[in-house]
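Q: This is the structure I want to talk about, given as structure tokens.
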4 protein chains.
Amino acid sequence: MMITNEAAISLAGVFPPIPTPFDEEGHVAHGPLTDNVQRWNEHDFAGYVVLGSNGEMVYLTDQERVEVWETVREGTPADKLMIAGTGCESTRQTIQLSSQAAAVGADAVLVLTPHYYRGQMTGEALAHHYWSVADALEIPVLLYNMPRFTGVDMDAPSVTRIAQHPNVVGIKDSGGNVGKLAQIVDSAGADLQVLAGSASFFLPALTVGALGGVMALANVAPQETIDLYDLFQAGRLEEAARLQRRLIAVNTAVTAQFGVPGLKAALDILDYYGGPVRSPLQPLGELEIQTLKAILVEGEVL
Amino acid sequence: MMITNEAAISLAGVFPPIPTPFDEEGHVAHGPLTDNVQRWNEHDFAGYVVLGSNGEMVYLTDQERVEVWETVREGTPADKLMIAGTGCESTRQTIQLSSQAAAVGADAVLVLTPHYYRGQMTGEALAHHYWSVADALEIPVLLYNMPRFTGVDMDAPSVTRIAQHPNVVGIKDSGGNVGKLAQIVDSAGADLQVLAGSASFFLPALTVGALGGVMALANVAPQETIDLYDLFQAGRLEEAARLQRRLIAVNTAVTAQFGVPGLKAALDILDYYGGPVRSPLQPLGELEIQTLKAILVEGEVL
Amino acid sequence: MMITNEAAISLAGVFPPIPTPFDEEGHVAHGPLTDNVQRWNEHDFAGYVVLGSNGEMVYLTDQERVEVWETVREGTPADKLMIAGTGCESTRQTIQLSSQAAAVGADAVLVLTPHYYRGQMTGEALAHHYWSVADALEIPVLLYNMPRFTGVDMDAPSVTRIAQHPNVVGIKDSGGNVGKLAQIVDSAGADLQVLAGSASFFLPALTVGALGGVMALANVAPQETIDLYDLFQAGRLEEAARLQRRLIAVNTAVTAQFGVPGLKAALDILDYYGGPVRSPLQPLGELEIQTLKAILVEGEVL
Amino acid sequence: MMITNEAAISLAGVFPPIPTPFDEEGHVAHGPLTDNVQRWNEHDFAGYVVLGSNGEMVYLTDQERVEVWETVREGTPADKLMIAGTGCESTRQTIQLSSQAAAVGADAVLVLTPHYYRGQMTGEALAHHYWSVADALEIPVLLYNMPRFTGVDMDAPSVTRIAQHPNVVGIKDSGGNVGKLAQIVDSAGADLQVLAGSASFFLPALTVGALGGVMALANVAPQETIDLYDLFQAGRLEEAARLQRRLIAVNTAVTAQFGVPGLKAALDILDYYGGPVRSPLQPLGELEIQTLKAILVEGEVL
């Protein structure tokens, strides 16, 4: 394996973890997917995460996954990264799916912690998993820590240890423990690029050394999230803080409060294609849609 | 749909949720699987659960899953049930996989609660999921509640409501809340056959109205679990209680304490085929194997 | 210390953990307390637990606590036990308060796990705590495990170890893990008398070797809980199971669902003295009271 | 009530939540307490929190509490605030204890969320509690949210609502959810001064609008925590971030990792008076002390 961290891609900036559009029959809607990507291309994103939690990854077949990556790859300019979410429960399926992602042009893979047997997912087991995946691939690997969905929360020493592998280059951490992010930045240093996994703590994460963020909010408020990043880079901290605070409620609405159905409903409201979710997820009710609209207006996104 | 609860299969008795054997290359080992089933056939089990949590279901491809069911079906006498674990995250994949299970001869399917987006898995969403699956199948559906792995814990009112569908005939509940089981028996009545999902509370569950159990322990202590069931049926409660208490530590060893690696190691010790687990699960260390042996001896299973 | 487990009191039977009545000014209402006890005395209880969780123990001053014990002691016949809840956060205050309980005639003390610094409440720390209390007292000590309120859940090995002290004679476990109760009965044997801490799993607990129960439900359904105990003792298991199932919903209403305010409202409905709770607890609203009444009627308690 | 938020005290800056020293017999050691305060007085703290979680508040009698406040008040210069931790489970005891704190010169009280009956601690119940306390006092009230110890985690809307009372002027939030802090700053505005409750997220909290912090680390690394605050005020964000990262491991050692025993051991190492903890807390073992020393050295605090 000749890849070294030094040669690795830069993850600095904002990445929307894009949703997967379905048509009314429940099939992947590739046309609307392309249209959405075209609109997002107008913003200065560092790239896209395709098939993270917001992409309903767990509801797609392997074939659908590959096709979604192909469509997005085609629509993504060369100066933006396409990061493919490829984490499966088994190491062998994660490797196989990651290889398919690489074959269709993914620049990196984002690998969710396996978690079904969470009692057995020790630091040892996770290191074995990630190192096996990183060994097998020619493209770099990002760790994906998402305790709210998985019940597994990697701590700073485990992350730092896994990051010693030269082909592990980054982490998306959605847990919201900014102290832990600071500790990872401190101990992993140049071995690992840290990305905030939610807009709710984007500015705080940048402050302690994160280089960017992968956040649902970037789908519905692309320019605002980029502005927040730019204001921080420019040292305009007070303006950044005001924007950060303004966006919290909108971010909550399209994540913890209404979930992926809320994200898709917000996209519909904002004239992107949101469309239906796959069952067992249920669409928002009319009352919830009105609440969501009010939150978008209040947050100056609509 | 002509199936009614009255016509449904009886779930009374003991079911081992059998593990899936792999060879040293990590492929499904069908020969050893058949051998294990032959030995278990010597005991008076009500049937087998194939691809529950102990079957490493989440680590198999769909093709492997179907092949495992075919092998077990072939080895299972007609007077025993084969119940196939078929729960996927999406309703559509659960239906598709369940249909494949039915096609290769499963008598019923055991459907784990979808759980990745656990915040959205309301009673409403779960009812929609289970009713869609039950509508689509010609074989009966059992609910599978496993909060330790999923973070989702269906309450008694939700279960009772879902059980109103004539093709939902049973539940395996592994949560250990025996009060809840009693409440389900009380409110669902003849609509639902309740199975204890772990040997740790088998006798208590029988006492409040459960009809049987699906438990990892039955793989390694087949006669003891059947004896426990028979003692209860015969009204020999004190002997049953003694046996229940004696088996607790062994049960813990092959479930919460050492997980599926512990179950497989115990099978190896007991001259069944246990074999390797799939990564990211890790095999027991030598010290853990010695501890496990001591527990098996102490519990009079070895 | 001459006390040995062999000489210790018998805890077999049913104990209501009685609430503390307050008047409209919020003072302890000793008259109504005496009246309630007189009515409960008509039932064949093994005794009373005075100042457990249902007694709003955490809301009373030390002086009020002693006065409550005095009043109940006076009203309790000699053939019933008075067990005083005396668990404080510090070992020294627990010893002091327990000594006061002994001085006013308590037959035993029930000592809640200290829990504020739960991360530090290791088996070692808890053993030190309980052994210090047991060393200091001339009356026996019962452990009180209540994870729903404390966040601390003693496991079977810890309990068994603590029970080796000759003056630790029993445990009230409200956690609902009946498998753990079985394990404690198995490993602690004659060292420890196990009491179910809630009616939701009373019969299951008896089945695996518990000797009785301390349960909120006994306050509002005294005869039903005693009947359940007697039916089990008489080997009439099916009738016991039916009664157990019938009582679940009522039990939930006066515990997890409506809490102490629900217990007191149920007492008011049943012509005991319930009266107000202390703030920050809030009284039930009118709608909740109607729901509670319906549950009492449905459970044939009203 | 003439007090208004505008007239309220300023909470900007760093506050150590000081531990309570005990002598070898377990009595409060007032001499060492005074000595510690004298040394801390050399640093530019905004004041002291006396009897927070680090003060072993739950292990003291009311009389001991008042005496501790008297000693600290006497040792505290007039330009520093003394904030007394006074939260009890009942509203009435909280009011009484808070009044005693005011009588001996506390500038404000810090009131922990009541939590024993956590299922009943709704936003409604907490508002009733805090407003009753705030109504009864002539000195201002700070909310204290500490989910790791209490299991109660007030959300932003609840906090904002409670903050509408003119005598509720601040919150110490130890939960680490910086997104929530941002939301509180946004919605409560001038009604509430937000303090970070742990050094692990001090800089991130300042970034989104917190005005200061109450943190165990300030006891053992007083100048470093003040430097961090000053660097942020001076806009020297990169230096602040480096210092924040350097201090994380030390902070963890004296909080989540080793708790109050760790904090006291660190003080002993640093030539303050740490001394023994009260049981059931246990002192660190020799190995833990060596680990702690190594962490202090690594963090450049020793």
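Any read-out appearing in this document is the output of simple, stated calculations on the displayed coordinates, not a laboratory observation. Bear in mind the structure is a predicted one, so any value in this text is a computation, not a measurement. No Cβ is skipped: glycine too gets one built from the backbone with ideal geometry, and neighbour counts run over all protein chains shown.
Q: Going by average Cβ neighbours within 10 Å, how do the peptides A:54-64, D:48-58 rank, with the highest at the top?
A: Peptide ranking by packing, descending: D:48-58, A:54-64.
Q: In peptide B:174-184, what is the residue-averaged number of other protein chain Cβ atoms found within 10 Å of each Cβ?
A: Average per residue, whole number: 6.
Q: If we hang a label 7 Å off Cα along the beta carbon direction at B:Asn41, how far is it from the matching labels on the other copies, in nm, shortest first?
A: Distances to the matching label points in the other copies: 6.2, 7.0, 8.8 nm.
Q: What are the label-to-label distances in nm, one decimal and shortest first, from B:Leu302 to the same spot in the other copies, with labels 7 Å along Cα to Cβ?
A: Reported distances to equivalent positions: 4.4, 5.8, 6.4 nm.
Q: Another one. Across the residues of B:87-93, average count of Cβ atoms on other protein chains within 10 Å?
A: Average per residue, whole number: 5.
Q: Can you work out the FRET efficiency for the pair C:Glu67 and A:Glu239, with r the C-beta to C-beta distance and R0 = 60 Å, to the nearest 0.05?
A: The formula returns an efficiency of 0.45 here.
Q: Net charge near D:Tyr117: determine it from the other residues with C-beta under 14 Å of the C-beta of D:Tyr117, scoring Lys and Arg +1 and Asp and Glu -1.
A: Cβ neighbours under 14 Å give a net charge of +1.
Q: So, one more: I'd like the Karplus ³J(HN,Hα) series for the range C:130-136: coefficients 6.51, -1.76, 1.60, θ = phi - 60°, whole numbers in Hz, and an x wherever there's a Gly or Pro.
A: Karplus values, whole Hz, x for Gly and Pro: 5, 5, 5, 5, 5, 5, 7.
Q: Determine which chain C residue has its Cβ at minimum distance from the rotation axis mapping C onto A, giving the value in whole Å.
A: C:Gly151, 9
Q: Per DSSP H run of at least 4 residues, take -39500 (n - 2.57); add these up for the protein assembly as shown, divide by its residues and hand me the 222 nm value, nearest 500 deg cm²/dmol.
A: So the helix-based figure for the protein assembly as shown works out to -13500 deg cm²/dmol.
Q: Now a separate question. In terms of modelled amide H atoms, which long-range or inter-chain residues lie less than 5 Å from the amide H of A:Leu110?
A: Answer set, sorted by chain and number: A:Ala84, A:Gly85, A:Thr86, A:Leu142.
Q: In addition: For the range C:22-39, just list the computed ³J(HN,Hα) in residue order, Karplus coefficients 6.51, -1.76 and 1.60, θ = phi - 60°, integers in Hz, with x standing in for Gly and Pro.
A: 10, 8, 5, 7, x, 7, 4, 9, 6, x, x, 4, 4, 4, 4, 4, 4, 5
Q: Now for a different question. If the reach is capped at under 12 angstrom between alpha carbons, list the aspartates and glutamates near C:Lys293, excluding any in the same chain fewer than eight residues apart.
A: Candidates past the 8-residue exclusion: C:Asp268.
Q: Further, regarding this structure: Per residue of C:120-126, how many C-beta atoms from partner chains lie within 10 Å of its own C-beta, taken as a mean?
A: Average neighbour count from other chains, rounded to a whole number: 3.
Q: Placing the label point 7 Å from Cα along the Cα-to-Cβ direction, what are the distances from C:Asp268 to the equivalent spots in the other copies, shortest first, in nm to one decimal?
A: Output for C:Asp268: 4.6, 5.3, 6.4 nm, nearest copy listed first.
Q: Karplus couplings for the range B:286-292 from phi (6.51 cos²θ - 1.76 cosθ + 1.60, θ = phi - 60°), rounded to Hz, Gly and Pro as x?
A: Whole-Hz 3J(HN,Hα) from phi for the range B:286-292: 4, 5, 5, 5, 5, 4, 4.
Q: Quick one: of A:Lys180/C:Lys180; C:Lys80/C:Lys264; B:Lys172/C:Lys172, which pairs are farther than 26 Å apart, Cα to Cα?
A: A:Lys180/C:Lys180; B:Lys172/C:Lys172
Q: Run the numbers for D:Glu74 and D:Leu302: contour at 0.36 nm per residue of separation, minus the present Cα-Cα distance, in nm.
A: 79.1 nm
Q: For D:Gly275, list long-range residues whose amide hydrogen, built 1.01 Å from N in the peptide plane, is under 5 Å from its own amide hydrogen.
A: D:Asp268
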